[in-house]
Structures are given as C-alpha cells and as structure tokens.
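The values are calculated or read from the model by the stated rules, or taken from the named source; none is laboratory data. All of these numbers come straight from a predicted model, not from anything done at the bench. A quick note on method: Cβ atoms are made from the backbone with ideal geometry, for glycine too, and the neighbour counts reach across all protein chains shown.
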C-alpha cells in the first residue's frame with residue numbers, strides 16, 4: 001500500500017515542479033488569483049524547492065518524519081500537486097501505522 005502513497009507523492013512533486021517552472025517562465029499555465037508579495041519569481045522559486053523536496057521525500061513516504069514533511073510541503077505548495085502530495089503522505093503514513 002505504501003507504493004500507492006509513493007506514486008501519489010511523486011506525481012504531486014512532479015506537478016509542483018512543472019507548475020513552478022511555468023511560473024518562472026511566465027507561461028500562462030500558472031495563473032494565481034492574486035500576485036504574491038514575492039512576485040512570480042519568488043513564488044516559482046519557492047514552489048520549485050517544495051517540489052524537489054516532495055520528489056525526494058516520496059521515496060521515504062512510509063517513514064513518520066517524511067510523511068509529515070510531505071503533508072507540510074503539500075499544504076504550502078497548494079494546488080493539484082500539493083493535494084497529491086498531501087494524499088500521498090497520508091496514504092504512506094496510514095500504510096505504516098494503521
């Protein structure tokens with residue numbers, strides 16, 4: 001069952017990375033409702049770092065600390081990729097502790 005969590009977290013991290021690269025390139029794939037204080041470059045850079053952490057953490061999704069990290073990363077990243085990272089972290093934790 002942890003492989004499902006791994007797959008969801010990995011897919012979420014990849015989606016976060018793709019959307020952050022689109023934000024950095026000012027491609028209209030990423031359209032926030034409001035312009036953040038850091039601007040498009042800042043939000044794209046932060047999302048890129050969060051996506052890389054999600055991809056790396058997906059390998060260890062059934063460990064407690066990485067499951068919690070994926071939940072936090074998914075919450076901070078937001079969007080579809082963040083939701084997938086949150087669900088992947090939850091599934092990984094549930095497969096280990098339930």
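For the range 38-46, state whether one or more residues are part of a loop (DSSP other than H, G, I, E, B) and surrounded by fewer than 16 Cβ atoms within 10 Å (Cβ to Cβ). Taking every residue of the range 38-46 in turn, at least one turns out to be part of a loop (DSSP other than H, G, I, E, B) and surrounded by fewer than 16 Cβ atoms within 10 Å (Cβ to Cβ).
Scanning the range 55-79 for residues that are on the phi > 0 side of the Ramachandran plot and within 8 Å of the chain's Cα centre (by Cα) yields one hit, 78.
Can you find a residue that is in contact with a helix residue (DSSP H, G or I) (Cβ under 8 Å, 6 or more places away or on another chain) and modelled with pLDDT under 90 anywhere in the range 1-12? Can you show your working first?
Of the range 1-12, the ones in contact with a helix residue (DSSP H, G or I) (Cβ under 8 Å, 6 or more places away or on another chain) are 1-2, 4-12.
Keeping just the survivors that are modelled with pLDDT under 90 gives 1-2.
Among the residues of the range 1-12, at least one is in contact with a helix residue (DSSP H, G or I) (Cβ under 8 Å, 6 or more places away or on another chain) and modelled with pLDDT under 90, which makes the answer yes.
Residue 52: at pLDDT 85 or above, under 10 Å from the mean Cα position of the chain (by Cα) and not in a loop (DSSP other than H, G, I, E, B), yes or no? Give the steps one after another, and end with the answer.
Values: at pLDDT 85 or above: yes; under 10 Å from the mean Cα position of the chain (by Cα): yes; not in a loop (DSSP other than H, G, I, E, B): yes.
Against the criterion (at pLDDT 85 or above, under 10 Å from the mean Cα position of the chain (by Cα) and not in a loop (DSSP other than H, G, I, E, B)), residue 52 qualifies.
Filtering the range 67-79 down to residues that are farther than 15 Å from residue 7 by Cβ and in contact (Cβ under 8 Å) with a residue 12 or more places away in the chain, which residue is surrounded by the most Cβ atoms within 10 Å (Cβ to Cβ)? Restricting to residues being farther than 15 Å from residue 7 by Cβ and in contact (Cβ under 8 Å) with a residue 12 or more places away in the chain, the top hit is 77. Of the residues making up the range 55-68, those that are in a helix (DSSP H, G or I) and farther than 16 Å from residue 17 by Cβ are 60, 64, 65, 66, 67, 68.
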